Structures are given as structure tokens and as C-alpha cells.
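For reference, the structure is listed below as C-alpha cells.
Derivation of every value follows stated rules applied to the coordinates shown; laboratory data play no part. The shown structure was predicted, so the numbers you read here are calculated from the model rather than taken from an experiment.
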């Protein structure tokens, strides 16, 4: 996914925000890959990290969507 984001020709207005989004996607991928080796002792730590990284993804995708003139993303019926 990161390669696809980087390989796309974005409008100038969105490029900076896409560049910010790419590392956040990498963190989310890392979080999900960590599930394979997660033990019950580390669950709350993983949840905290995942929640923080998910929040970053929403913030960054909202910025890109605004740059592209798209509406804000929604989660559980709430706009971010």
C-alpha cells in the first residue's frame, strides 16, 4: 500500500499530506503484523499503540481528503 501511495501522481496540494500518511500506514502494518506474536500479557500495550496509530491514520487521511476536495472520513457515524 505504501508503494501505491508513493507511486501515485498526486496534486501538489495533497503531496505533503500523502508523504505524512505513508509512514503512518507503515506503523499500522507493523501493528497488525505484531498480532501474530502477541501474547496476553502485552495486549493492553498493543491496543494502546494500535489506537494511537489508528488515530494518526484518520488524521492523515482526513487531511489528504480535504486536499482533494473530498468529504471527511466517518467512523461509527461520527465525522473526524
### Query
Where does the chain land at 222 nm, in deg cm²/dmol rounded to the nearest 500, when only DSSP H runs of n ≥ 4 count, each adding -39500 (n - 2.57), divided by all residues?
-23000 deg cm²/dmol
### Label selected from (i) 36, 22, 12; (ii) 27, 16, 8; (iii) 46, 19, 12, the criterion being semi-axes √(5λ) of the Cα gyration tensor in Å as computed here
(ii)
#### Entry: Mean Cα-pair separation over length for the chain, i.e. relative contact order, pairs under 8 Å, 6 or more apart, %
32
